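Undergrad: Before anything else, here's the structure in question.
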Amino acid sequence: MEPYYDKVERVIGVSGEYTKYEHAEPRSSKKYAYPKLQEHPVVELIDKACKELDYISYKVPRAIISQKKNARNACYYSNYCGSYACSSGAKGSSRAALIQSALETNNITIIPNAFVFKLLTNKDKKIQKALYYTKEKIKKSVEAKLFVLAAQAVESSRLLLNSKNSDFPNGLANSSGEVGKNMLFTGGGQGSAEIDTSLLNKDKLFQTGFFVNRGLQDWYFTKEFKGGTIDFLFEHANPIRRALRLKSDDNGNLLFGEELQDKIYKNFTKSRVLNFEIFTDWMPNDDCFVSIDENYKDKYGVPVATIRIGAHPQDVKVGNFLAQKAIDVLKQMGTKDIQSNISPLPSANLQAGGCRFGDDPKKSVLNKYCQSHYIKNLFVTDGSFMPTGGSVPYTWTIYANSFRVAEYIKKSDLI
Ligand code: SF4
């Protein structure tokens, strides 16, 4: 996979500075494609605390370009990456990094607002058509020689299960019964602490935009168990989101008038909240899967995915272990009001699994090229293929694997 991760760094654009540490991934190049993004002065405090604790504060690379790349402008540090579109094109979304230039070739057609609800197979047991609804709920279809499914893990499994027919009574590509099984999310949780001007002077503390490019992976593996990643970041820049968090007192009662104003004023002018996020390796298990319940349908009348989220107790154990390490760092920095919340409930956006790949068609859905064992013109290239997810967000690997699969398809006789 390494050459494909390298390709992601060049094509999608990854900015960073290499840190040597025990669990760093093997790399053919010690440099990232783009220089590191500008860092917030709080990194001085994090680095110092980690050094005193003998932890390695590694510099987190980001899929954001720090320099202009063709039609994409460099990051201008709005700090609105999370949950918002990026107006400069710096953020490594597939829209900015891939689709825009693909459109310029005139070789692709995008059908916007098309909801694919079923894949039809022909007598050769290959997929022939994708049926979809337009925004106006008009049924249409597209035919193709080859289909690549990438609807994010839950929806990919849902589509395959909803496409069952007499040749594939359990759903497409599901002869093993594994479609929808072993769903993965990102285990862990988060925490926070307050930093005030006794730790960093006002100019430095309230500097906006620059990134807290710091994380810890000292416990990515321990002698006893698989650990994970700790990532530090400031609270989201959106002031409404910040103010909303302050709406209640310690007993959960809504605040009004001067009391609310004072609390918001103090929060916005005297201190900042530094968060940490924990990423652990979600343990695949039989209690975590996607299935279809014919009783529940979406606005098109298509059965929705029923998601069973059964977290393994080990996920919470590892999350608490890592949270304690993050708390050690925050205490060493001298921050106040340290809190953490490790939960068996994952965030909704980081999904993988459900069509795991493998060599044995009885135990997996896809072969090593993410091609269905049984339907040769079907590939699945979102995070569904992952048997385990690693203790990091999945996106980089999804991109790298997609480049690998695309190369295989191009060399094959399928197109
Ligand atoms: S900080 Fe703003 S400009 Fe930079 S990548 Fe994020 S959204 Fe785009």
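The values are calculated or read from the model by the stated rules, or taken from the named source; none is laboratory data. Please read all numbers here as calculations on a predicted model, not as lab measurements. Neighbour counts run over all protein chains shown; Cβ positions are idealised from the backbone, glycine included. We work out accessible area using only protein heavy atoms, side chains counted, and drop any ligands, DNA or RNA first. Shrake-Rupley method; radii C 1.70, N 1.55, O 1.52, S 1.80 Å.
Undergrad: Using every pair of alpha-carbon atoms in the stretch 15-161, split the distances into 5 Å bins beginning at 0 and state the percent of pairs per bin, rounded to integers.
TA: Values per bin, smallest distances first: 2, 7, 11, 12, 13, 13, 11, 9, 9, 6, 4, 2, 1, 0.
Undergrad: How much of the DSSP bridge set in the chain is antiparallel, in percent, rounded to the nearest 5?
TA: Close to 90 percent.
Undergrad: Projecting each Cα onto the charge dipole of the chain (Lys/Arg +1, Asp/Glu -1 at the beta carbon, about the Cα centre), which of LEU98, LEU216, VAL392 comes out farthest on the positive side?
TA: Value: LEU98.
Undergrad: Taking a temperature of 25 °C and a viscosity of 0.890 mPa s, what whole-number D in µm²/s does Stokes-Einstein yield for the stretch 1-93 with Rh from Kirkwood over alpha carbon pairs?
TA: After rounding, the answer is 169 µm²/s.
Undergrad: So what is the relative contact order of the chain, in percent, for Cα pairs below 8 Å that sit 6 or more residues apart?
TA: 21 percent
Undergrad: When only C-alpha pairs under 8 Å and at least 6 residues apart count, what is the relative contact order of the stretch 135-176, in percent?
TA: 21 percent
Undergrad: Treating only the Cβ of Lys, Arg, Asp and Glu as charged (+1, +1, -1, -1), what charge dipole size does the stretch 173-304 show about its Cα centre? Round to the nearest 20 debye.
TA: 560 debye
Undergrad: Right, another one. Please state the relative contact order of the stretch 96-141 as a whole percent: Cα pairs under 8 Å, 6+ residues apart?
TA: 26 percent
Undergrad: Under a cut-off of 15 Å between alpha-carbon atoms, report the aspartates and glutamates in cross-link reach of LYS135, not counting same-chain residues fewer than 8 places apart.
TA: ASP298
Undergrad: Relative to the longest principal axis of the C-alpha atoms of the chain, give the angle of the C-alpha long axis of helix 42-53, reported between 0 and 90° and rounded to the nearest 10°.
TA: 90 degrees
Undergrad: Could the peptides 140-153, 207-220, 383-396 be put in order, highest first, of the mean number of other beta-carbon atoms found within 10 Å of their residues?
TA: Ranking the peptides 140-153, 207-220, 383-396 by packing returns 383-396, 207-220, 140-153.
Undergrad: What three numbers, in Å, describe the spread of the alpha carbons of the stretch 180-260 along their principal axes, ordered from the longest?
TA: Its Cα atoms span 52, 36, 23 Å along the three principal axes.
Undergrad: Separate question: Obtain the radius of gyration and the Kirkwood radius of the stretch 226-286 from its C-alpha atoms and give Rg over Rh.
TA: Rg divided by Rh gives 1.17.
Undergrad: Still on this model: Averaged per residue, what accessible area in Å² does the stretch 272-360 show with a 1.4 Å probe, protein chains only?
TA: Per residue, the stretch 272-360 has 50 Å² of solvent-accessible surface.
Undergrad: Any idea how far the Cα center of the stretch 359-378 sits from the one of the stretch 114-142, in Å?
TA: If we compute the Cα centre of each part, the gap is 21 Å.
Undergrad: Further, regarding this structure: In whole Å and largest first, what semi-axes does the C-alpha gyration tensor of the stretch 222-369 yield when each eigenvalue is scaled by 5 and square-rooted?
TA: Semi-axes (√(5λ), whole Å): 38, 24, 13.
Undergrad: What 222 nm value per residue comes from the helices of the chain, counting each DSSP H run with n ≥ 4 as -39,500 (n - 2.57) and dividing by all residues, nearest 500 deg cm²/dmol?
TA: Dividing the helical sum by the residues of the chain leaves -7000 deg cm²/dmol.
Undergrad: Then there is this: From zero up to wherever the largest Cα-Cα distance of the stretch 107-158 sits, split into 10 Å bins and tell me the percent of pairs in each.
TA: Each 10 Å bin holds this share of Cα pairs: 22, 53, 25, 1.
Undergrad: Charges only on Cβ, +1 for Lys and Arg, -1 for Asp and Glu: so what's the dipole of the chain about the Cα centre, in debye to the nearest 20?
TA: So the magnitude is around 1440 debye.
Undergrad: Using the basic label-point model (7 angstrom from Cα toward the beta carbon), what is the ASP249 to SER88 distance in nanometres?
TA: Spacing of the two 7 Å Cα→Cβ label points: 4.4 nm.
Undergrad: Next up: On the protein heavy atoms, probe 1.4 angstrom, tell me the percent of accessible surface of the chain carried by carbon and sulfur.
TA: 52 percent
Undergrad: Moving on. Over the stretch 184-235, give the accessible area per residue in Å² for a 1.4 Å probe, as an integer.
TA: Heavy-atom SASA per residue in the stretch 184-235 reads 39 Å².
Undergrad: Which entries of LYS123/LYS376; LYS204/LYS247; LYS69/LYS410; LYS202/LYS263 have Cα-Cα distances beyond 21 Å here?
TA: Exceeds cut-off: LYS204/LYS247; LYS69/LYS410.
Undergrad: Starting from the Kirkwood radius over alpha-carbon pairs of the stretch 305-415, derive D by Stokes-Einstein at 4 °C in a medium of 1.567 mPa s and give it in µm² s⁻¹.
TA: 77 µm²/s
Undergrad: Given a cut-off of 22 Å, name the pairs among LYS145/LYS299; LYS51/LYS266; LYS7/LYS59; LYS20/LYS226; LYS181/LYS363; LYS266/LYS325 whose C-alpha atoms lie farther apart than that in the structure shown.
TA: Over 22 Å Cα-Cα: LYS145/LYS299; LYS51/LYS266; LYS266/LYS325.
Undergrad: For the chain, find the longest principal axis of its Cα atoms and tell me its angle to the long axis of helix 395-411, 0 to 90°, nearest 10.
TA: 30 degrees
Undergrad: Any idea what the dipole of the stretch 279-325 comes to, in debye rounded to 20, about its Cα centre with Lys/Arg Cβ at +1 and Asp/Glu Cβ at -1?
TA: So the dipole magnitude of the stretch 279-325 works out to roughly 220 debye.
Undergrad: With bins 20 Å wide starting at 0, give me the P(r) of the chain over every alpha carbon pair, in whole percents.
TA: 23, 53, 23, 1
Undergrad: Mind checking the angle between helix 313-333 and the chain's longest principal axis? C-alpha axes, 0 to 90 degrees, to the nearest 10.
TA: With rounding to tens, the tilt is 30 degrees.
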